[in-house]
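Laboratory data are not the source of any read-out in this text; all were calculated from the coordinates shown. Not measured: the values here are computed from a predicted model. Glycine gets a Cβ as well: all are built from the backbone with ideal geometry, and neighbour counts include every protein chain shown.
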């Protein structure tokens, strides 16, 4: 019973994160070069500031996008909230997030 409740809370949290992310614009773009050190550094900075971000991937190959999403999430120690088409939503909690920058604090979530 306890595992079921935890799963329900995780599902509810993921749904809330998707709702917040819906209104965001992508702030990181992965081009033809794929996941580079610069992309990882910019994603790290964005996650530290905003906690919840959208990433745009320009690859036309679905499998390539999935591999890139997993690689970026792993490199940044972030969770993939959602991946639809060429848009990826990443989340990494920052207990010291600044309320004026955090998308969770600004759009009604709790961090």
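Scanning segment 39-60 for residues that are closer than 16 Å to residue 93 by Cβ and in a helix (DSSP H, G or I) gives 43, 44, 45, 46, 47, 48, 49, 50. For segment 19-38, filtered to residues that are surrounded by fewer than 15 Cβ atoms within 10 Å (Cβ to Cβ) and in contact with a strand residue (DSSP E or B) (Cβ under 7 Å, 6 or more places away or on another chain), the residue that is nearest to residue 106 (Cα to Cα) is 25. Among the residues in segment 81-91, are any part of a loop (DSSP other than H, G, I, E, B), under 19 Å from residue 18 (Cβ atoms) and touching a strand residue (DSSP E or B) at 6+ places or on another chain (Cβ under 6 Å)? Within segment 81-91, one or more residues are part of a loop (DSSP other than H, G, I, E, B), under 19 Å from residue 18 (Cβ atoms) and touching a strand residue (DSSP E or B) at 6+ places or on another chain (Cβ under 6 Å).
Against the conditions (1) over 20 Å from residue 19 (Cα atoms); (2) surrounded by fewer than 19 Cβ atoms within 10 Å (Cβ to Cβ); (3) touching a strand residue (DSSP E or B) at 6+ places or on another chain (Cβ under 8 Å), residue 65 satisfies every one except (2). The set of residues from segment 70-80 being without any contact (Cβ under 8 Å) to a residue 40 or more places away in the chain and either crowded, with 17+ Cβ neighbours inside 10 Å or in a strand (DSSP E or B) (or both) comprises 73, 76, 78, 79, 80.
Residues in segment 11-24: is at least one in a strand (DSSP E or B) and either within 11 Å of the chain's Cα centre (by Cα) or at negative phi (or both)? For segment 11-24, residues in a strand (DSSP E or B) and either within 11 Å of the chain's Cα centre (by Cα) or at negative phi (or both): absent. For residue 67, the requirement of being touching a residue at least 40 places away in the same chain (Cβ under 8 Å) and assigned to a helix (DSSP H, G or I) is not met.
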